């Protein structure tokens, strides 16, 4: 799964990187090196034409969404905390994800993500878990494949500005290459040449399913980082800095 990641790019950088037509993030979010479920995150998505809303053509937008997808049919938005990831193997069939997979796909920009490796046990026999930061080898922006939904709060009046909740989830697939040794799942990454197709709401999910593949060997690099990342209260660029890894933990 992907349960933590880092996102430090400025909105203007993301607008350029993803050819965004309209940014709806205002002043933007602060750099976050410990993005956790239920936090607000950046998402790139393409909204279909809506002439009644002065949108005659499809429009690529940069938005702020909440991480943890709330299906449109959900009665309680709390379900989102359990919908942070969607497995590629079942995304087209699962009721919580299939409608979003068909027409509401997005990209979630990231510097990299964290996974925990279970190493040699401690004196009590409990496996020691070492976090790793996994990031693009070239230092570029990671475009994680995501889905988004728009949930209407039935308790809010029709004219309430906050009556709609925009949420998202990250698609995961089998981790290959040496990354599979750290964790058996990996976020799906969408290459630059495939972004337009992935975001296109007129293309059914069946036509873009081929993009849901593991990252190419060598595309990502991993290094051990401080266990401080395990506490969401900790933040800052120090969380992604490499640290020495004990031989016992590696061999465990």
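List of remarks:
- Qualifying residue in the range 78-93 (condition: surrounded by 14 or more Cβ atoms within 10 Å (Cβ to Cβ), in a strand (DSSP E or B), over 12 Å from the mean Cα position of the chain (by Cα) and in contact (Cβ under 8 Å) with a residue 12 or more places away in the chain): yes
- Residues of the range 122-139 include at least one that is without any contact (Cβ under 8 Å) to a residue 40 or more places away in the chain, within 21 Å of the chain's Cα centre (by Cα) and within 18 Å of residue 239 (Cα to Cα).
- Residue check, residue 128 within 19 Å of residue 224 (Cα to Cα), touching a strand residue (DSSP E or B) at 6+ places or on another chain (Cβ under 6 Å) and either part of a strand (DSSP E or B) or at pLDDT 80 or above (or both): yes
- Some residue of the range 49-56 being outside any strand (DSSP E or B), surrounded by 14 or more Cβ atoms within 10 Å (Cβ to Cβ) and in contact with a strand residue (DSSP E or B) (Cβ under 8 Å, 6 or more places away or on another chain): no
- Single match in 216, 155, 233, 160 (criterion: closer than 30 Å to residue 123 by Cβ, part of a loop (DSSP other than H, G, I, E, B), without any contact (Cβ under 8 Å) to a residue 24 or more places away in the chain and out of contact with any helix residue (DSSP H, G or I) (no Cβ under 8 Å at 6 or more places or on another chain)): 233
The values are calculated or read from the model by the stated rules, or taken from the named source; none is laboratory data. Since this is a predicted model, take the numbers as computed values, not measurements. Here the Cβ is made from the backbone with ideal geometry for all residues, glycine too, and neighbour counts use every protein chain on show.
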